[in-house]
Amino acid sequence: MDVLHIDANAAYLSWTAVELLEKGCPIDIRTVPSVIAGDPENRHGIILAKSIPAKKYGIKTGESLFEAKNKCPSLLVFPPDYDLYMCCSNAMYQILLEYSPLVERYSIDECFLDYTASHKLFGSPVAAAHAIKNRIKTELGYTVNVGVSSTKVLAKMAGELKKPNLVHTLWPEEIPAKMWPLPIGALFMVGHATKKKLESINIRTIGELAQTKKEHMKALLKSHGLLVWNLANGIDDSPVTLNSEILQKSVGNSTTIDHDVTDRTEAHIILLALTERVAMRLRKLGYLTSVVSVSIKNNSFMRYTHQLKLSNSINSTTEIYENVCRLFDQSWKGEPLRHLGVHVSDFQASKTRQICMFDRSDSSKLQDIDKAVDKIRARYGTRAIIRGSFVNGSINPIQGGVNDSEYIMMGGYEQ
């Protein structure tokens, strides 16, 4: 198998930069200290992406905007635009489909491409990788790294070797020279906690992990130990899988509110905005749900959840929202709120739905309405049609992070 891993460089910042340049912005924000971050006044002041000049100041993704500005007072800050990012991601995806029908959208800024059957059309995988990289830069205006190998994990590791705008190979025979000298934290699936455990037994490079007995890794980290040992040795048999064939276990959205909410009606409206996006995503995936849950975080940062197992499966926005409100009313203790979330799980395919004696009499009518609304939003944008509850109000009618997708924003498919 030949696999390409395509990763947009500093995706959010690059995509915002392209948009600004098209609108006549006099500078390319990729060339100056700049970041994409939420508004600190709205309690979203976290760095989502940074330019290379910002990185030179020690600014890191995930740190607070306050910390970043202390490092670089002249830092330019731009808000995220998730609808724009989805458009840019979709444009990249369309180019990749020209090289193979097997493209897996791993996250909004990353894709895997199975190139095994495409040699006769586009040449060697390395030649195709360069062609893809150059086309994306020329046609879309931003750069990508492309990793090339025989497995997904090695292709992903290859793409991380050096950035930006480069093609790297990491064939199995290149592992000792290219991958094993890297620090253990650079290995895919080795997070902060795993890194600390491995370093505590003097495993500090990927090579040292690879040459450790896998039985020791299993004793130390259980099944995750076997996983990272296999990855350190380049062992990965997972295929490039179309996202439509990946079973998603849950769909959810949440939001941090820019003020403490103390009014039940206002909380219900915010929950409706979250439910709108959750239900749209659920229908796009072709699922019905039978478990609805609500998460609450109060102004003391205490978090609690409440869930309900339904007697029948649903995907109607109205029906999901009714259960969400019911759960919220049962679980809210009346304290000020700063964060709300809506999640659904326990799926079945919508086409296999069976009529239940507990179905509402207007269920089919609600489904027809949702179908019409989804069609309008797909064509004209998610805010082309909104519920009357949001008219003349200040609450965003569709909330919860990302545009409708089958994958998470950055960092990989979430199951």
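List of remarks:
- Average accessible surface area per residue within the chain, 1.4 Å rolling probe, Å²: 49
- Annotation for region 228-281: trypsin sites (Lys or Arg not before Pro) lying in DSSP loop with at most 13 further Cβ atoms inside 10 Å of their Cβ are Lys249.
- Selection from Trp229, His259, Val373 lying farthest towards where the dipole of the chain points positive, charges on Cβ: Trp229
- Signed unit charges on C-beta, dipole axis of the chain, positive-most listed residue Leu187, Val344, Asn243: Leu187
- Of Lys69/Lys195; Lys60/Lys249; Lys23/Lys137; Lys156/Lys249; Lys162/Lys197; Lys214/Lys249, pairs whose Cα-Cα distance is over 20 Å: Lys69/Lys195; Lys60/Lys249; Lys156/Lys249; Lys162/Lys197; Lys214/Lys249
- The share of accessible area on the chain that comes from carbon and sulfur is 54 percent, using a 1.4 angstrom probe.
- Residues whose amide H falls under 5 Å from that of Tyr115, counting only those 5 or more places apart or on a different chain, are Asp2, Val3, Leu4, with hydrogens built in the peptide plane.
- Dipole of the chain, positive direction: furthest Cα of Ala219, Gly24, Pro53, with charges on the beta-carbon: Ala219
- Placing unit charges on the Cβ atoms only, positive for Lys and Arg and negative for Asp and Glu, gives region 124-254 a dipole magnitude near 360 debye about its Cα centre.
- Debye, to nearest 20: dipole size of region 110-183, +1 on Lys, Arg Cβ, -1 on Asp, Glu Cβ: 160
- If R0 equals 25 Å, the separation of the Cβ atoms of Ser290 and Met1 corresponds to a calculated FRET efficiency of about 0.10.
- Under Karplus coefficients 6.51, -1.76 and 1.60, residue-wise ³J(HN,Hα) of region 143-148 in Hz, glycine/proline x: 9, 9, 9, 10, x, 10
- Rounded accessible area of Leu65 (nearest 10 Å², 1.4 Å probe): 10
- Between the beta carbons of Asn392 and His259, assuming R0 = 25 Å, the FRET efficiency works out to 0.85 to the nearest 0.05.
- Estimated at 0.36 nm per residue, the fully extended path between Ala186 and Val126 surpasses their Cα-Cα distance by 19.3 nm.
- Sites Asn243 and Lys55, calculated FRET efficiency, Cβ-Cβ separation with R0 25 Å, nearest 0.05: 0.20
- Burial ranking of peptide ranges 327-334, 148-155 (average Cβ count within 10 Å, highest at the top): 148-155, 327-334
- Backbone HN-Hα couplings from phi across region 2-9 [Karplus 6.51/-1.76/1.60, Hz, Gly and Pro as x]: 10, 10, 10, 10, 10, 10, 5, 6
- Between amide H atoms placed 1.01 Å from N, distances below 5 Å from Leu76 occur with Ser34, Val35, all of them 5 or more places distant or on a separate chain.
- For region 194-244, trypsin sites (Lys or Arg not before Pro) meeting the loop criterion (DSSP other than H, G, I, E, B) and having at most 16 other Cβ atoms within 10 Å: Arg204, Lys213, Lys222.
- Amide H to amide H, with H built 1.01 Å from N, Thr205 comes under 5 Å of Ile184, counting only residues 5 or more places away or on other chains.
- Net charge, Gly147 excluded, C-beta distance under 9 Å - Lys, Arg +1, Asp, Glu -1: -1
- The dipole here belongs to the chain: it is taken about the Cα centre, uses +1 on the Cβ of Lys and Arg and -1 on the Cβ of Asp and Glu, and is about 580 debye.
- Maximal additional length on extending the Gln211-His119 stretch stands at 29.7 nm, based on 0.36 nm per residue less the C-alpha distance.
- Proximal lysines to Lys297, defined as alpha-carbon separation beneath 18 angstrom and excluding residues fewer than eight positions away on the same chain: Lys333
- Given their separation in residues at 0.36 nm each and the Cα-Cα distance between them, Asp81 and Asn202 gain 39.3 nm when the chain is fully extended.
- From the coordinates shown, mean projected area of the Cα convex hull in nm² corresponds to which of [x] 20.6; [y] 23.3; [z] 21.8: [y]
The values are calculated or read from the model by the stated rules, or taken from the named source; none is laboratory data. It should be emphasised that the depicted structure is a prediction, and the values quoted were computed from it without experimental measurement. No Cβ is skipped: glycine too gets one built from the backbone with ideal geometry, and neighbour counts run over all protein chains shown. Surface areas here come from the heavy atoms of the whole protein model, side chains and all, with no ligands, DNA or RNA. Shrake-Rupley method; radii C 1.70, N 1.55, O 1.52, S 1.80 Å.
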